[in-house]
Amino acid sequence: MTTRTFADFEREGWDRIAPSYADVVLRATEQAFVPVLDSLGDLRGKRVLELASGTGHLAQAAVARGADVVGVDVAENMVSLARKTASGAEFRVADAEDLPFEDASFDAVICCFGLLHMANPDKAVSEAGRVLKPDGRFSFTVWQAPENGNEFVSIVLEAYGAHADTDVDLPPSPPMFLMADAAARNPLLTSAGFSQFTENVLEIVWPISSPDTMVEFIDNGAVRIRLLYERQTPDVKEKIRAAVVGATNGYLSKGHNAIPMPALLVTATQS
Ligand SMILES: C[S@@+](CC[C@H](N)C(=O)[O-])C[C@H]1O[C@@H](n2cnc3c(N)ncnc32)[C@H](O)[C@@H]1O
């Protein structure tokens, strides 16, 4: 039985994916960057902390709006890339669940598609609350659940549901859509001192570059989903690949060049 934790697997997984991230995943996540920054108002002269800063493209956009930006990420390879992308921002290898910053030291905290990869998103929310100044804003995005129109994730989960053996040697992980569920999310925000929650749906789409787009996502764009895939037999892997390629071809044959993958943008204010 593995002694490695979900957090270990996530950190190693993102380190591995970092070189291909901009070509595979960023094409979807970057669609959230303008709404996230817009949710913070005028950023000139503001001190902004980005959690799970990945390749640094959101940090770069915040710098371009005049913010003084610090990004943190657990994956060293992501931090190396971010330093090249956004030379005007500062990046640190650090865990969003245990931030190396003073209380009340930021005007805003942002996090795009990071909380769903953390072992304890409640700790990251609490840390965001701690480092924010009074009236500071915390804006973050998470993917919507399949039942809320996330066709991309739905295709992957259906393929796994039909074919994958989930009884494999992997550590327990938090629910993927926990922070998209207001009933679970809002109490965490309240305990961290936040109020005035707003929630907006972002109609993000996953561009389809070829019938293999979702296979590419499983191989080079995902951590949890790939870990499960790697632990399947060759026969099951082939069935999963065939299922996602078939679904992608369904979109292509109707003339669609993208698959809906909506997200939620949540903004909360520290009291
Ligand atoms: C899907 S990527 C999102 C990257 C970027 N924010 C974007 O929107 O493109 C998830 C990122 O979360 C980072 N991450 C996962 N757990 C983390 C943690 N506990 N603290 C900080 N970063 C974490 C990963 O290393 C990875 O870079």
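The values are calculated or read from the model by the stated rules, or taken from the named source; none is laboratory data. Just so it is clear, the structure is predicted and the values come from calculations on it, not from any experiment. No Cβ is skipped: glycine too gets one built from the backbone with ideal geometry, and neighbour counts run over all protein chains shown. Just so you know, the surface numbers come from the protein's heavy atoms only, side chains and all, with ligands and any DNA or RNA stripped out. Shrake-Rupley method; radii C 1.70, N 1.55, O 1.52, S 1.80 Å.
Measuring nothing but how far apart in sequence close Cα pairs (under 8 Å, 6+ apart) lie, relative to its length, the stretch 28-123 scores a relative contact order of 31 percent.
Each of A247, V201, P175 was scored by the projection of its Cα onto the charge dipole of the stretch 175-271, and the greatest displacement toward the positive side belongs to P175; charges sit on the C-beta of Lys, Arg, Asp and Glu. Share of the chain's accessible area from carbon and sulfur, percent, 1.4 Å? Of all accessible area on the chain, carbon and sulfur atoms account for 50 percent.
P(r) tail for the stretch 144-271: Cα pairs beyond 18 Å make up 60% of the total. Projecting label points 7 angstrom from Cα along Cα→Cβ for E158 and V236 puts them 2.1 nm apart. Ranking W206, W143 by solvent-accessible area of protein heavy atoms (1.4 Å probe, all protein chains present), from largest to smallest, gives W143, W206.
Would you calculate, for the chain, the mean residue ellipticity at 222 nm contributed by helices, counting each DSSP H stretch of 4 or more residues as -39,500 (n - 2.57) and dividing by all residues, to the nearest 500?
On the way: 11 runs with 116 residues, N = 271.
My calculation for the chain gives -13000 deg cm²/dmol from helical runs alone.
In the stretch 156-211, what GluC sites (Glu not before Pro) fall in a loop by DSSP, with at most 16 other Cβ atoms inside 10 Å? Counting only loop positions with at most 16 other Cβ atoms within 10 Å, the GluC sites (Glu not before Pro) in the stretch 156-211 are E203. Computed from Cα positions, the angle between helix 234-253 and the longest principal axis of the chain comes to roughly 80 degrees.
For the chain, lysine pairs separated by 8 or more sequence positions, or belonging to different chains, with Cα-Cα distances below 30 Å total 8. When both bridge partners sit in the chain, DSSP labels roughly 45% of those beta bridges antiparallel.
Applying a DSSP loop filter and a limit of 16 other Cβ atoms within 10 Å to the trypsin sites (Lys or Arg not before Pro) in the stretch 191-271 leaves R231, K254.
Using the charge dipole of the chain (Lys, Arg: +1 at Cβ; Asp, Glu: -1 at Cβ; taken about the Cα centre), state which of A82, G66, N220 has its Cα farthest towards the positive end. Projecting each Cα onto the dipole axis, the largest value belongs to G66.
Report Rg/Rh for the chain, rounded to two decimals, where Rg is the Cα radius of gyration and Rh the Kirkwood radius.
Values: Rg = 18.4 Å, Rh = 19.0 Å.
Using only Cα positions, Rg/Rh for the chain is 0.96.
Which value, in Å², gives the accessible area per residue of the stretch 110-216 when a 1.4 Å probe is used on the protein heavy atoms?
I get 44 Å² per residue for this part.
Ranked highest first by the average count of other Cβ atoms within 10 Å around their residues, in what order do 261-268, 1-8 fall?
261-268, 1-8
Per residue, the average separation of C-alpha pairs within less than 8 Å and at least 6 apart gives the stretch 93-165 a relative contact order of 34 percent. Tell me the GluC sites (Glu not before Pro) within the stretch 83-115 that lie in a loop according to DSSP and have at most 15 other beta-carbon atoms within 10 Å. For GluC sites (Glu not before Pro) across the stretch 83-115 that sit outside H, G, I, E and B with at most 15 neighbouring Cβ atoms in 10 Å, the list reads E102.
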